[in-house]
Amino acid sequence: MKKILFTLILVFSTVIYSQEKNQPGNNDLFSPVNIKKFADYLFCQKDYLRAADEYERYLKSIPDDTIEFKIALSYSAMCNFSEAEKRLGTIKNTSNFFVPAQMLSLKTIFQEGDIARFRNAYIAKDSDLSIPKDSGIALLYNFSSLLTEASIHNEDDFVENFPYQERSRIKYFYEWKENPPEKSPLKAALFSAIIPGAGKFYAEEYSDGIWAFIATLGTAYLAYDNFNARHYTRGWIFSALAAGFYAGNIYGSASAVQIYNTRIRFDFVNEVKTFLEDKNYFLKVFDFCK
């Protein structure tokens, strides 16, 4: 009796499970459509790593250049520029996303920090695609001149390459590049040679300048005082200390100016980066989450 009851329960359970499994939607959880929906949700939540993984799963079932482009956007948002560039290179020239992919590929090269490679790649693509001179990537190419060692000879011609509303900011960057507010290490050394600590003041390290002045003059006075009192051993000791402080204050002033100049260059690059990020590097924003 127990065996019969157990068999009936097993058969009944199997029938119920089979009916539930065949209900519409119950077996579609891992269908390409649902994978894409989940990936789109992750993408719009800026969970780019998992979004890229889900898009990859979707592509195993259905080729889609839009998805390829979104994967590249995901990697770019994660600052994995090399992978983004590689994925953009898979988009064929028959796709509606081919030209945007080429422009985004140039942007990723720029974001990697290889300005020379970016400029060379732009010239190569311009010869193939005839990039419009007022396009965003052309503006980025012109802007990249600010990050090269070469001087920009004509300010007006350079600034006029950009939209009117951006020109005051572009002019500010131009003037910073052409006439950076840097200081001379030689001047700092000379100032400190004349007045100990003066070079530190020139480098805007005021507290260090005060201490250099006190240490150098203080030990020099102690040396003089001990020689005057015929304490020659102490006199020579303090003379050596004074000479060390004097030489150190000259060398330290020149080094302080070099650090100051490095900070100036860092601030310039940081402001440029912030400006470009705010402008999305002059490129169109692809909003797939509307």
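Just so you know, all these numbers are worked out from the coordinates, no wet-lab data involved. As the structure is a computational prediction, the values presented were derived from the model and not from experiment. Backbone-built Cβ (ideal geometry, glycine too); neighbour counts: all protein chains shown.
A cut-off under 11 angstrom between Cβ atoms defines the neighbours of Thr66, and their net charge, with Lys, Arg +1 and Asp, Glu -1, is -2. Between Ala240, Leu217, Ala124, the Cα set farthest toward the positive side of the dipole of the chain (charges on each charged residue's Cβ, about the Cα centre) is that of Ala240.
Is the C-alpha gyration tensor of the chain telling us rounded, prolate or oblate? Criteria: a/c under 1.5 is rounded; beyond that, a/b larger than b/c is prolate, otherwise oblate. Since a/c reaches 1.5 but b/c is at least a/b, the shape of the chain is classed as oblate. For the chain, a simple Cβ point-charge model (Lys and Arg +1, Asp and Glu -1, everything else neutral) yields a dipole of about 980 debye relative to the Cα centre. Sequence-ordered 3J(HN,Hα) estimates for segment 115-132 from the Karplus curve with 6.51, -1.76 and 1.60 and θ = phi - 60° stand at 5, 4, 5, 4, 5, 5, 5, 4, 4, 5, 6, 4, 5, 8, 9, 6, 5, x Hz, glycine and proline given as x.
Net charge of the neighbourhood of Asn261, taken over other residues with C-beta under 11 Å away and scored Lys/Arg +1, Asp/Glu -1, is +1. For segment 185-275, a crude dipole built from +1 on the beta carbon of Lys and Arg and -1 on the beta carbon of Asp and Glu, taken about the Cα centre, is about 180 debye to the nearest 20. In order along segment 46-53, the phi-based Karplus estimate (6.51 cos²θ - 1.76 cosθ + 1.60, θ = phi - 60°) of 3J(HN,Hα) comes to 6, 8, 5, 5, 5, 4, 4, 4 Hz; Gly and Pro are listed as x. Normalising the average separation of contacting C-alpha pairs (under 8 angstrom, six or more residues apart) by the number of residues puts the relative contact order of the chain at 12 percent. A dipole drawn for the chain from +1 and -1 charges on Cβ atoms has a positive end, and of Ala198, Ala138, Ile109 the residue lying farthest that way is Ile109. Across segment 185-275, Cα pairs under 8 Å and at least six residues apart give a relative contact order of 34 percent.
Dividing the Cα radius of gyration of segment 185-275 by 2.2 N^0.38 Å, with N the residue count, gives 1.41.
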